[in-house]
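Since the structure comes first, as structure tokens, the remarks are kept for the end.
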Amino acid sequence: MQPRKRTFLKVVGALAATPFALRAFAQAGYPNKPIKIIAPVQPGGGVDLVARTIAERLGKALDQAIIVENQSGGGGVIASLATARAAPDGYTLMVGYVGTHGTNPAVRKLPYDAIKDFTPIAMVGGTPNILVVPPSLPVSTLKEFVQYVKANPGKLSYGSSGPGTLTHLAMEQLKVAADLDIQHVPYRGIGPAITDILGGQTQALFPGLAAALPHIKAGKMKPLAITGPRRDKLVPDVPTFEESGYPGFDGVQWYGIVGPANLPVPIVKRLNEEINKLLESPELRQRLSGEALEPMPMSPEQFGRYMRDDIARWSRLAKARNIEITE
């Protein structure tokens with residue numbers, strides 16, 4: 001082979017290998033610049049708390065700055081699109097939670113695919129949902145509540161943080177299971193819904209435990225039953241739905257970390273390992289428990305299955321109840 005031809009082929013081969021070499025080098029040196037975690041909500045609340053709590057501690061573990069960027073709007077659609085369209089290099093992450101990767105895909109036509117357009121990285125934790133009523137309602141158990149609603153068909157109402165949210169779908173699940181006739185009153189967020197149940201304008205609410213706990217402790221809400229496989233240590237006297245005769249109430253307000261699709265496996269593995277290490281920390285566990293959040297460490301594969309199962313669960317309910325949000 002002629003010298004010029006050999007040189008030409010070497011140059012072509014080097015150029016062809018460059019993207020792979022650069023990508024491998026970038027992965028090996030990850031992270032070598034600040035990372036962004038998008039919180040798909042306004043500042044405040046569980047999603048923002050998880051974003052900032054993880055960002056602070058993960059940044060120290062990786063020895064790199066991690067900034068939190070709040071991108072609210074569209075029930076998480078704006079942030080989800082920004083994340084899905086970001087370069088899959090590990091420098092743009094997002095708090096994927098039950099809204100963006102659980103209930104929204106079940107009840108809305110979204111401009112993104114909650115599974116195909118994202119890489120599951122790590123589950124952080126979750127808080128159960130709890131059925132509460134105002135102290136004025138003459139019931140103390142779930143059984144009494146069901147009997148009371150059936151004795152007053154169509155006369156009672158329950159609030160939610162909005163159509164298609166977990167607080168809405170969880171109550172619809174109970175309506176199906178117990179054959180209840182109780183009216184839905186949607187609000188723009190859990191805050192107004194709590195205000196009205198405290199004032200007696202609505203007669204039931206199915207919020208996350210974190211949002212309800214202060215009012216339960218103050219005696220302004222009566223808890224009747226809690227979701228999940230076991231009682232929660234923060235409200236040990238409140239039975240689960242299964243204990244109360246209604247199995248299958250496993251809905252959780254969960255929070256995790258996701259990235260764009262096709263995130264390199266070594267980066268996913270590193271982030272997952274570091275976040276799971278953080279979740280073993282007594283300090284972080286105590287921080288999360290203060291917000292009624294239970295750590296739920298998983299592998300990326302387990303987290304991916306969890307999201308798929310959650311979407312399937314709420315999709316079945318939405319279809320059964322003919323719930324589709326078009327706004």
Can you name every residue in region 286-327 that is of a type in the set (G, A, S), within 26 Å of K233 (Cα to Cα) and at pLDDT 95 or above? S299
Qualifying residue in region 70-81 (condition: at pLDDT 95 or above, outside any helix (DSSP H, G or I) and over 24 Å from A292 (Cα atoms)): yes
Members of region 166-225 that are within 23 Å of L49 (Cβ to Cβ) and of a type in the set (D, E, K, R): R188, K217, K220
Among what's in region 152-163 and is crowded, with 17+ Cβ neighbours inside 10 Å and under 20 Å from K222 (Cα atoms), pick the residue that is modelled with the lowest pLDDT. S161
Looking at (1) under 17 Å from G256 (Cα atoms); (2) at pLDDT 95 or above; (3) assigned to a helix (DSSP H, G or I), which one does K60 not meet, given that it meets all the others? (1)
Which listed residue, of D63, D89, is open to solvent by 20 Å² or more (accessible area, probe 1.4 Å), of a type in the set (D, E), in contact (Cβ under 8 Å) with a residue 60 or more places away in the chain and farther than 20 Å from G126 by Cα: D89
Residue pairs qualifying under the 6 Å Cβ cut-off, at least six apart or on distinct chains, with the first in region 138-161 being within 17 Å of Q201 (Cβ to Cβ) and the second being outside any loop (DSSP other than H, G, I, E, B) and open to solvent by 70 Å² or more (accessible area, probe 1.4 Å), are S157/Q183
Residue check, N129 surrounded by 24 or more Cβ atoms within 10 Å (Cβ to Cβ) and out of contact with any Pro (no Cβ under 7 Å at 6 or more places or on another chain): no
Could you please find all residues in region 162-182 being in contact with a strand residue (DSSP E or B) (Cβ under 8 Å, 6 or more places away or on another chain), without any contact (Cβ under 8 Å) to a residue 60 or more places away in the chain and aliphatic (A, V, I, L, M)? M171, I182
Go through region 66-86 and give me each residue that's polar (S, T, N, Q) and free of Cβ contacts under 8 Å to residues at least 60 places away in the same chain. N70, Q71, S72, S80
Apart from one, (1) open to solvent by 10 Å² or more (accessible area, probe 1.4 Å); (2) outside any strand (DSSP E or B); (3) within 27 Å of Q42 (Cα to Cα) all hold for V185; the odd one out is (2)
From the list P135, P120, exactly one residue is touching a Pro at 6+ places or on another chain (Cβ under 8 Å), outside any helix (DSSP H, G or I) and open to solvent by 10 Å² or more (accessible area, probe 1.4 Å). Which is it? P120
Any residue that is more than 30 Å from V258 (Cα to Cα), assigned to a helix (DSSP H, G or I) and open to solvent by 40 Å² or more (accessible area, probe 1.4 Å) - is there at least one of those in region 164-176? yes
For a quick check of your reading: which helices (runs of 4 or more DSSP H) sit entirely within region 188-296 and have at least 1 residues that are open to solvent by less than 30 Å² (accessible area, probe 1.4 Å) and closer than 30 Å to E144 by Cα? 190-198, 209-217
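The values are calculated or read from the model by the stated rules, or taken from the named source; none is laboratory data. Just so it is clear, the structure is predicted and the values come from calculations on it, not from any experiment. A quick note on method: Cβ atoms are made from the backbone with ideal geometry, for glycine too, and the neighbour counts reach across all protein chains shown. Each accessible area value is taken on the protein alone, full model and side chains, heavy atoms only, with ligands, DNA and RNA left out. Shrake-Rupley method; radii C 1.70, N 1.55, O 1.52, S 1.80 Å.
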